[in-house]
1. When the chain is fully extended, how far beyond the present Cα-Cα distance does Glu153 get from Leu129, taking 0.36 nm per residue of separation?
2. Which distance in Å, rounded to a whole number, links the C-alpha centroids of segment 117-184 and segment 33-69?
3. Heavy atoms of the protein only, probe of 1.4 Å, neighbouring chains included. What is the accessible area of Ser121 in Å², nearest 10?
4. Return a single number: how many Lys pairs in segment 50-184, at a sequence separation of 8 or more or on separate chains, have alpha-carbon atoms below 19 angstrom apart.
5. Which one of Leu169, Leu13, Ile80 has its Cα pushed farthest toward the positive end of the charge dipole of the chain, where Lys and Arg give +1 and Asp and Glu give -1 at the Cβ?
6. So if R0 is 35 Å, what FRET efficiency would Arg34 and Thr111 give, r being the distance between their Cβ atoms, rounded to the nearest 0.05?
7. Quick one: compute the contact order of the chain, relative version, from alpha carbon pairs under 8 angstrom and 6+ residues apart, as a percent.
8. When the expected Rg is taken as 2.2 N^0.38 Å, what fraction or multiple of it is the alpha-carbon Rg of the chain?
Amino acid sequence: MTMRDDSSEAKQLQRLRQGDKKAFEVVYRKYGGRVYHFFLSLLRDGFAAEDLTQNVFMKIWEKREGIDPDGHFEAYLFTIARHMLARESEKRLKEECLRETLQGREENADTDTEQRVETESLHTYIKALVEQFPPVRKHVFMLSRVHHLTNREIGLRLSISEKTVESHLYRALRFLKSKLNSEL
């Protein structure tokens, strides 16, 4: 049995409204393909289009008592479909944002790990270069860069002039720069 005209459709919808499963099947056969193609054209995903089509008709069955047999059933049907499409699109957008966020975090974690390893490696290399300094230069450098003393404080502590402290720091930094530039 198919729906041929408005009065026939109104009768089918009245029967559907009363819980007639055969009337539901007729409605499904008439509109199911159109609803499916509506979803497929917008989502380009056959599985999702099929699921959403089934959900639309489940909603029709659940809300069957509220169907107006003399109303615009097709408009009602596609209103439900558009609402489901909006929810599906929102869900997909949230999932995509979540995926991008997680991917970004993974990339940042990888980058952070790489940077940490590189920093530690560079730090170890600089320590090895500092070990090559003459004893006084090494001491001046450590007091300046590790203990953050001023040139004046270093001079007083080591009983040397500020100019000598500056000279040691200048030579230490020049040595480090030359080694780092040649290695990197």
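The values are calculated or read from the model by the stated rules, or taken from the named source; none is laboratory data. Just so we're clear, the structure is a prediction, and the values are computed from it rather than from any experiment. With ideal geometry, Cβ positions are generated from the backbone for all residues, glycine too; neighbour counts draw on all protein chains shown. Surface areas here come from the heavy atoms of the whole protein model, side chains and all, with no ligands, DNA or RNA. Shrake-Rupley method; radii C 1.70, N 1.55, O 1.52, S 1.80 Å.
1. Value of the extension gain: 6.2 nm.
2. The distance from the Cα centre of segment 117-184 to that of segment 33-69 comes to 74 Å.
3. Result for Ser121: roughly 70 Å² accessible.
4. 7
5. Leu169
6. Efficiency for this residue pair is about 0.10.
7. 14
8. For the chain, the normalised Cα radius of gyration comes out at 2.41.
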